[in-house]
Every structure is written in C-alpha cells, then in structure tokens.
Amino acid sequence: MFLAWREIRQNKLRFALVTAVLLLVSYLVFFLSGLASGLAGLNREAVDKWQADGIYLTDESDKSLTQSMMEADLADEVEADEAAVLAQTNLIADNGDVKSGVALFGIRPDEFIMPEPTEGNGFSEEFEVIASDSLKEEGFSIGDELDLSGSEETLTITGFTDEARFNAAPVLYMNLDDFEKVRPGAAALAQQDEIAGQEEQSGMVNAIVVRGAQPGDVPEDLEYMESETFIENLPGYTEQNLTLTFMIYFLFAISAAVVAIFLYVLTVQKISMFGVMKAQGISSAYLSRSVIAQTFILAVIGVLIGFGLTVLTGQFLPAAVPVSFDYGMMAIYGAVLIVVAILGALVSVWTIVKIDPLEAISG
Amino acid sequence: MTEHVLQMDDVTKTFGSGRTEVRALKKTSLDVNRGEVIAIIGPSGSGKSTLLTIAGGLQGPTGGEVRIAGERITELGEKDRSKVRLEHVGFILQSSNLVPFLTVSDQLKLLDKVKKGNMKKDERDGLLEELGITKLAKKYPNDLSGGERQRVAIAKALYSNPSLLLADEPTASLDSDRAFEVMKLLKSAAVKKNAATIVVTHDTRLTDYVDKVYKMVDGVLHLEADKGGAEPLEEGRTDFLEKGGNEDGI
Ligand SMILES: Nc1ncnc2c1ncn2[C@@H]1O[C@H](COP(=O)(O)OP(=O)(O)O)[C@@H](O)[C@H]1O
Ligand SMILES: [Mg+2]
C-alpha cells in the first residue's frame with residue numbers, strides 16, 4: 001500500500017482517469033441491473049405479492065396462463081394448505097380520457113390472493129374492481145367507470161392496491177362471479193350454453209394458485225409448477241432478462257479489458273523504474289502487490305461513486321422508467337467489478353514479473 | 001569465512017555464439033574487502049558494466065565463481081539472488097535510480113517496507129547530514145539537481161547497510177565540480193559504513209579518492225594502482241593517473 005498510495009497521490013490525473021472509466025462502467029452496470037429488476041418487477045410483482053408456492057395449470061397449456069382452462073371445482077382436489085382460483089384475461093380499459101391495456105383477474109374475495117386495497121375499498125357490488133396503483137399515474141382514479149374492449153359491461157374502480165402488475169400490464173382484480181360476464185366472448189358462450197342447455201357454466205378458471213403445496217398427487221389433466229417456473233414462462237420474461245444480463249456480463253468483460261489496457265500502459269512506462277527496484281532486490285511480489293492494491297483502491301472508489309450516482313439518478317427519474325434497485329444484487333455486481341478490475345491488473349503483474357533488472361540498469 | 005565481501009574467481013562472460021560471439025569478460029579474478037574502495041576505469045565497451053553486474057548478482061557469469069559475503073551466488077536462481085542483493089548489495093547508477101513519486105525520505109522508507117536491519121534513525125540522519133541532503137527530505141526527485149539526486153542515490157544505496165556497494169559511472173551526468181564532490185562523499189560515506197565499494201568510471205581524475213585502481217581493456221582487468229600501502233605501486237603505472245582524458249571512451 002505504501003507505493004500504491006503515494007503513486008496515486010502524485011499522479012492524480014492519471015489515476016482519476018482509470019477511476020472515471022470504472023465509475024462509468026459501474027454506473028452503467030448498476031443502472032442496467034436496476035432496469036433488469038424494474039422490468040422483471042413489471043412482469044412479476046403481482047405474482048410475487050401472492051406469496052404463493054406454486055400454481056396449477058392444465059398440462060396442455062404448456063405453462064401459459066391464457067391457454068389454461070379448467071373447472072374451478074378442481075381447487076378442492078389439489079393438495080395444499082391454501083388454494084385460490086384465478087381467472088385471467090387481457091383487455092383494454094377506457095375511462096373516457098385514457099385507455100390502458102390491463103390484465104383482468106377474476107378471484108374469490110375470501111381466498112388468499114385477494115389484495116388489500118392501499119387506497120379506497122375492496123369490491124362489494126357487481127362489476128367493482130381493485131386496480132393497480134400504477135394506473136393512477138396513467139390518469140385513472142377511484143370512481144372511474146371503465147369501458148372494456150370485447151364486452152358490453154362497464155367496471156368501476158373502488159380502490160387501488162400496490163404491486164399489482166402482471167406481464168407488464170396493470171391488474172384489475174374483480175369478483176370471479178362477475179368475471180364470467182365480462183370475459184371476452186362471454187355473450188357467445190352464454191348463448192352456446194343456452195343452446196346446449198347447460199346450467200353450470202360459471203366455473204371456468206385459468207389457474208389454481210396454492211400455498212403449502214404437496215404436489216405429490218396432481219389431479220388429472222393438471223400440471224403443477226413453482227411460482228418461479230411460472231414466471232419464467234411468462235411471454236418475453238426470460239428473453240428480456242437474459243438480454244440485460246448479457247449486457248451486464250459484457251460490461252464486466254469490457255471493464256476488465258479497459259483496466260488491463262490502462263494499467264498495462266502505466267506499467268510499461270514504469271518498466272525501468274521497476275527494473276531499478278528489482279535490481280535493488282525488491283521482489284516482484286512486492287511490486288505486484290502494489291499494483292493490485294492500486295487497482296483495488298481505484299476500483300472501490302470508482303464503484304462507490306458509480307453506486308452513489310446511480311442512486312442519485314434514480315431519485316430524478318420519471319415514474320415511467322421501470323427502474324428498481326435491488327441493493328443486494330448491486331453489491332454483488334459491484335464486487336464482481338472490483339474482482340474483474342483486479343483480473344485486468346494481472347496483465348501488469350505478468351509484465352512486472354518478466355522485467356529483467358539488468359536491462360533497466362544498463363539502459 | 002573470509003573478510004572478503006566480494007570474491008570473483010576466474011569469472012568469464014561470453015555473449016552470443018559463433019560469429020556473433022562477444023567475449024565481454026576474459027578470465028577475471030577480483031577480491032574486495034570491507035571498507036575498501038576500488039575504481040575500475042577503461043574505455044567504453046571494455047566490459048566494466050558486465051563485471052559490475054556479475055559482481056552484484058544481476059547476471060550470471062559464463063564461467064567461474066562469484067561469492068558475496070561468502071555466499072556462492074553463481075548457483076542461485078533469480079529469486080534467491082534478489083534476496084542476496086536486498087541483503088548485501090547497494091547499487092548507484094549513472095542516472096538517478098530514484099522512484100519519481102517518492103520524496104527523498106520516502107525513498108528510504110520504502111526500503112524499511114521490504115527489509116529489516118536498515119539504519120537506525122540517528123544513523124540515517126547522520127548520513128543525510130554528511131551527504132548534505134537533510135533539507136531535501138520532503139522533496140521529490142524532479143525538484144532536485146543532478147548532483148543532489150546522486151547524493152540521494154548514495155544515501156539510498158547505503159541506507160540498507162550493504163556490505164557491497166556498486167556504482168556504475170555515478171558521476172557521468174554531472175559537471176566536474178559536482179563529480180568530484182559526489183565522488184568524495186561516496187568514498188567517505190562508504191568507508192564510514194565499512195562497505196566494500198567498486199566504482200566504475202571513465203573519468204581518471206576521480207580515482208584520487210580510491211584505494212586501488214583497476215583498468216579494464218577488452219575484457220581483461222589489470223591492477224593499475226594500489227594506494228592502500230600494503231602492496232607497492234607497480235612501477236611506471238602511476239603516471240597513468242595524471243594522464244587525463246584519453247581513456248575516456250564515451
Ligand atoms: N546483454 C548483452 N548482449 C550482448 N552483448 C553484450 C551485452 N552486454 C554487453 N555486451 C557487450 O559486451 C561488451 C562489454 O560491454 P559493457 O560491459 O557494457 O562495457 P562498458 O561498461 O565497459 O562500456 C560490449 O562489447 C557489449 O556490446
Ligand atoms: Mg558501462
């Protein structure tokens with residue numbers, strides 16, 4: 001550390017440049033990781049909020065919620081501590097001023113996926129819904145009457161709840177009994193049923209969500225999966241995540257390369273100085289440790305400033321930017337950046353080890 | 001054990017082979033005792049630096065044997081030779097061998113970081129005093145004159161209490177007044193610290209301050225003058241000392 005610190009103090013500009021590069025890379029990495037977790041949240045926060053262990057879909061649905069259709073009665077057959085039925089459809093809601101694509105969830109108010117309203121009230125009358133509070137920012141408010149695409153009925157917002165987005169769409173929760181009447185094509189279905197003379201029509205759901213599942217004995221035609229598996233199979237979710245993760249990994253590689261090049265240039269400039277020190281008997285190990293220590297100092301400073309800048313920027317972003325900071329993840333990425341910078345410094349270590357003190361002396 | 005700090009027996013050094021072969025050093029033997037200061041003069045390319053770097057364990061000889069403080073360094077690998085250098089050898093080079101981003105006092109402190117048994121504080125202050133660089137302690141090499149830098153280099157080389165002090169043209173970058181001054185300081189500091197000292201120079205006027213003068217010509221080393229009193233001066237050789245600059249090969 002003796003040499004490391006003193007050299008940094010004497011060559012502030014040089015080392016400030018290395019630090020600046022690390023700062024910018026870490027800023028970008030932190031931001032991308034924020035974006036990754038923000039986008040992930042957009043897709044999954046409603047599911048996460050249920051705190052469910054797993055979900056049953058039909059085995060023909062290939063883990064797709066919209067393709068899964070089953071009798072609500074099957075909820076009695078699954079083995080779990082708690083089970084909740086879920087019907088879902090995507091449609092456009094229009095309050096007269098704004099339109100928004102939403103995910104409409106039909107649930108039973110006495111089951112565990114029923115959300116607590118964070119504002120307003122839950123649904124009690126027919127066609128009332130609890131809406132995702134992200135709709136507030138889009139211009140929806142309590143009391144709004146919503147025209148729906150593909151249905152003649154209108155819904156009324158009675159309350160908002162937080163963390164209610166599913167597959168990038170705000171969620172409207174409503175009573176399963178009413179849901180049947182709004183589901184697109186419901187009218188046609190009802191007609192068919194009349195023709196067929198069926199009475200028990202209200203009872204189709206898309207999924208059964210469970211807590212404390214013992215999925216040893218899965219009812220026929222159903223398939224059990226853990227919540228995480230279900231989320232990974234949401235359309236676009238895995239692809240989006242992988243894209244951002246790859247970008248972050250590329251940034252790691254880039255920062256290793258940039259640090260390696262920078263430090264190598266600095267080291268090459270100091271070859272004769274290192275040679276003289278080696279002639280004196282100062283070991284390569286000592287000189288190498290000094291370069292590593294330097295890199296460590298610069299990387300820590302760069303990453304910390306990058307972290308600070310990221311958090312600061314986060315304060316000023318419009319709500320529409322889906323950034324959410326997962327500090328645990330950021331700490332891991334920060335640590336990886338530091339390790340990666342040190343790997344870059346190994347090129348310089350190798351250079352130092354190879355310096356022949358004789359050449360420096362007879363220069 | 002012997003009182004010789006440096007013993008070189010039948011040392012040879014050949015670079016290359018076949019048509020490009022250069023016999024930089026022909027069979028050379030040289031012993032230097034503690035407190036003894038010798039000078040090696042000779043034209044450029046005669047093998048002086050080669051001899052010095054072999055003596056300091058910076059490169060191995062082609063043949064023969066070298067001992068520093070009784071240890072046969074010819075058989076050691078670079079890592080162990082590096083330890084021997086740290087323990088026993090101080091180098092002073094033609095141009096400053098100072099670390100540009102360390103102050104004068106930090107140049108010495110660096111040695112404390114890598115080695116124990118350097119000078120105590122009062123001993124160090126005495127050395128700086130003697131070399132006239134006490135006031136420079138907080139300065140960086142760039143802010144020093146050439147003469148000051150070489151004096152700091154001497155302090156640095158002696159600070160680790162080396163038993164063998166090797167200086168390769170330490171005054172080459174200085175004007176003659178400074179050169180005399182630095183040479184005088186080098187000699188008195190080395191004697192005080194009881195180091196065996198070899199100074200390579202092509203400036204024959206500087207040899208006034210040394211005990212023995214060797215001359216290197218084409219890889220062969222002769223004793224030119226011995227002013228130590230133990231051995232009589234070889235006849236007809238002393239006038240060389242007055243001859244002046246015609247040995248200057250650079
Ligand atoms: N590493 C080397 N490779 C090849 N030849 C060398 C090497 N070092 C020195 N020589 C040759 O050895 C001879 C003696 O060189 P040197 O000891 O540097 O002379 P001096 O210091 O007296 O000027 C010269 O001919 C030089 O070219
Ligand atoms: Mg030379």
> Pairing the Cα long axis of helix A:284-316 with the longest principal axis of chain A, what angle in degrees results, from 0 to 90 and rounded to the nearest 10?
Replying inline: 40 degrees
> Assuming R0 = 51 Å, what is the FRET efficiency of A:ASP221 and A:THR313, from their Cβ-Cβ distance, to the nearest 0.05?
Replying inline: 0.55
>> Treating only the Cβ of Lys, Arg, Asp and Glu as charged (+1, +1, -1, -1), what charge dipole size does the range A:60-220 show about its Cα centre? Round to the nearest 20 debye.
In response: 600 debye
>> With +1 on the Cβ of every Lys and Arg and -1 on the Cβ of every Asp and Glu, and nothing else charged, how large is the dipole of chain A about its Cα centre, in debye rounded to the nearest 20?
In response: 5160 debye
> What order, most packed first, do the peptides A:64-70, A:296-302 have when packing is the mean number of other Cβ atoms within 10 Å of each residue?
Replying inline: A:296-302, A:64-70
> How big is the Cα convex hull of the range B:134-215 in projection, averaged over all directions, in nm²?
Replying inline: 5.5 nm²
> For the protein assembly as shown, what is the convex hull (Cα atoms) projected area averaged across all directions, in square nanometres?
Replying inline: 42.7 nm²
>> Please compute the average number of Cβ atoms from other chains found within 10 Å of each residue's Cβ in peptide B:161-170.
In response: 1
> Which number do you get for Rg(Cα) / (2.2 N^0.38 Å) in the range B:19-153?
Replying inline: 1.23
> Can you list the aspartates and glutamates whose alpha carbon is less than 17 Å from that of B:LYS121, not counting same-chain residues fewer than 8 positions off?
Replying inline: B:ASP106, B:ASP112, B:GLU129, B:GLU130
>> Given a 10 angstrom Cα cut-off, can you work out which residue in B:LEU52, B:LEU206, B:LEU174 is the most mobile in a GNM of chain B?
In response: B:LEU174
> Which of the lysines could a cross-linker span from A:LYS63 if the Cα-Cα distance has to be under 22 Å and same-chain partners fewer than 8 positions apart are dropped?
Replying inline: A:LYS49
>> Quick query: amide H of A:THR161 versus all other amide H atoms, modeled in the peptide plane; which residues come in under 5 Å with a sequence gap of 5 or more or a different chain?
In response: A:THR118, A:ALA131, A:SER132, A:ASP133
>> At 0.36 nm per residue, and after removing the present C-alpha to C-alpha distance, how many nm does the segment from A:GLU145 to A:LEU304 gain when stretched out fully?
In response: 52.4 nm
>> Give me the percent relative contact order of chain B, please, defined on Cα pairs under 8 angstrom at least 6 residues apart.
In response: 27 percent
>> With a 1.4 Å probe and all protein chains kept in place, how much accessible area does B:HIS88 have, in Å² rounded to the nearest 10?
In response: 40 Å²
> In a Debye calculation with equal point scatterers on the alpha-carbon sites of chain B and no solvent, what is log10 I(q)/I(0) at q = 0.08, 0.15 Å⁻¹?
Replying inline: -0.30, -1.07
> Under a GNM of chain A (C-alpha, springs under 10 Å), which listed residue has the highest mean-square fluctuation: A:ASP217, A:ASP59, A:ASP73?
Replying inline: A:ASP217
> Given B:GLN59, A:ILE130, B:SER82, which one lies farthest toward the positive end of the charge dipole of the protein assembly as shown, if we put +1 on the Cβ of every Lys and Arg and -1 on the Cβ of every Asp and Glu?
Replying inline: B:GLN59
>> A 21 angstrom limit on the alpha carbon distance is what I want to check against. Which of B:LYS48/B:LYS115; B:LYS13/B:LYS83; A:LYS278/B:LYS109; B:LYS48/B:LYS109; A:LYS278/B:LYS26 exceed it?
In response: B:LYS48/B:LYS115; B:LYS13/B:LYS83; B:LYS48/B:LYS109; A:LYS278/B:LYS26
>> I want to verify the translational diffusion coefficient of the range A:60-220 in µm²/s; compute it with Stokes-Einstein, Rh as the Kirkwood radius over Cα pairs, at 20 °C and 1.002 mPa s.
In response: 131 µm²/s
>> Quick check on the range A:60-220: of the DSSP beta bridges with both residues there, what percent are antiparallel, nearest 5%?
In response: 75 percent
> Average partner chain C-beta neighbours within 10 Å, per residue of B:57-70?
Replying inline: 1
> About its Cα centre, what dipole magnitude does the protein assembly as shown give when the only charges are +1 on Lys and Arg Cβ and -1 on Asp and Glu Cβ, stated in debye to the nearest 20?
Replying inline: 8040 debye
> Tell me, what is the percent relative contact order of chain A, built from C-alpha pairs under 8 Å that lie six or more residues apart?
Replying inline: 29 percent
> Computed FRET efficiency, Cβ-Cβ of A:PHE2 and A:ASN233, R0 60 Å: what is it to the nearest 0.05?
Replying inline: 0.60
> Which Rg and Dmax, in Å, describe the Cα atoms of the range B:1-80?
Replying inline: 13.0, 42
> Between A:ASP81 and B:ASP125, what is the spin-label point distance in nm, taking each point 7 Å from the Cα along the Cα→C-beta axis?
Replying inline: 7.5 nm
> What is the average number of partner chain Cβ atoms found within 10 Å of a Cβ in B:82-92?
Replying inline: 3
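The values are calculated or read from the model by the stated rules, or taken from the named source; none is laboratory data. Keep in mind the model is a prediction, meaning the values are calculated, not measured. Methodologically, a virtual Cβ is constructed for each residue, glycine included, from the backbone with ideal geometry; neighbour enumeration extends over all protein chains shown. Accessible surface is based on the protein model in full, side chains and every heavy atom, while ligands, DNA and RNA are left aside. Shrake-Rupley method; radii C 1.70, N 1.55, O 1.52, S 1.80 Å.
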